[in-house]
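To keep things clear, I will list the structure first and then write my remarks on it.
Laboratory data are not the source of any read-out in this text; all were calculated from the coordinates shown. In this text, all values refer to a predicted model and were calculated from it rather than measured experimentally. Backbone-built Cβ (ideal geometry, glycine too); neighbour counts: all protein chains shown.
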Amino acid sequence: MPWIICADLFTKSVRLASSCFLSLLIIFSVDAEVVWIDDFNAPDLSSHWQHEKFKKQTDYSIVTIGDNKVLQANSNNAASGLYLNKKVDLNKTPILNWRWRMLKGFDNPNETTKIGDDFVARIYVVVAGGWFFWKTQALSYVWSQQQMPGTYWFSPYSKQAVLWSVERGANTVGEWKTEKQNVFDDFSKAFAEEQTFIHVVAIMSDTDNTGKTAVVQIDDIYFSSE
């Protein structure tokens, strides 16, 4: 079933989540108990991901660590993201799994405001509104500098995007952190309504509002039943 997500909601968060994907992409339901998004072992990103630029471009590349490959994002006063159209049944595989580590962070006391809406890393899950773009909802899991894990708040630009703190601060620079989030439950809490499917997964490291620099690595993104 083809989807077009086309919205201009005047914010990085919602624009990446509901960006005008002008090319129709076929999205297939997956019945397995594990739905892989990416382990980043492909030679490059172009076979899976599309790039959305807002200002100066964040540099996304695949780097090798030992016998493994991971995604690395280098953001220097920049804002751009990667997105992948993927329909996932949250009744079957509601748990989003990934691991990441911050290599360089920055102080950001105003991250819940427009002037501080920058994060070392964001991983989005998006419910597409199709032609009804105002129904698009984006949940953005972030590596926060100020907010305690489990804290969530509306984007300063739109009530259709919620940010959710998963990690906080720079005390664990260089340390891999493994995450599990129940997307079905989190959408219910964040938007006070249940969602059966998500349609887009996106990644962003952005520093354009603060003018700072961030480096993060991300790996092994997948959905699971538990």
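Structural remarks
- Fewest-first ranking of VAL216, VAL70, using other Cβ atoms within 10 Å as the exposure measure: VAL70, VAL216
- Coupling constants for region 209-215 follow from the phi torsions by the Karplus curve (6.51 cos²θ - 1.76 cosθ + 1.60, θ = phi - 60°), and in residue order they are 6, 8, x, 8, 10, 9, 9 Hz; glycine and proline get x.
- Calculated FRET efficiency for the pair ASP185/THR213, C-beta based, R₀ 25 Å, to 0.05: 0.15
- For the listed residue pairs LYS56/LYS92; LYS87/LYS189; LYS177/LYS212; LYS135/LYS180; LYS104/LYS189, the alpha carbons are over 28 angstrom apart in LYS56/LYS92; LYS104/LYS189.
- Förster radius 25 Å - calculated FRET efficiency between ASP39 and ALA170, Cβ distance, rounded to 0.05: 0.45
- Between TYR222 and SER61, the contour length at 0.36 nm per residue exceeds the alpha carbon distance by 56.1 nm.
- Counting every other Cβ atom within 10 Å of each residue's Cβ, THR210, THR151 order from fewest to most as THR151, THR210.
- Residue order, fewest to most surrounding Cβ atoms within 10 angstrom, among LEU90, LEU84: LEU84, LEU90
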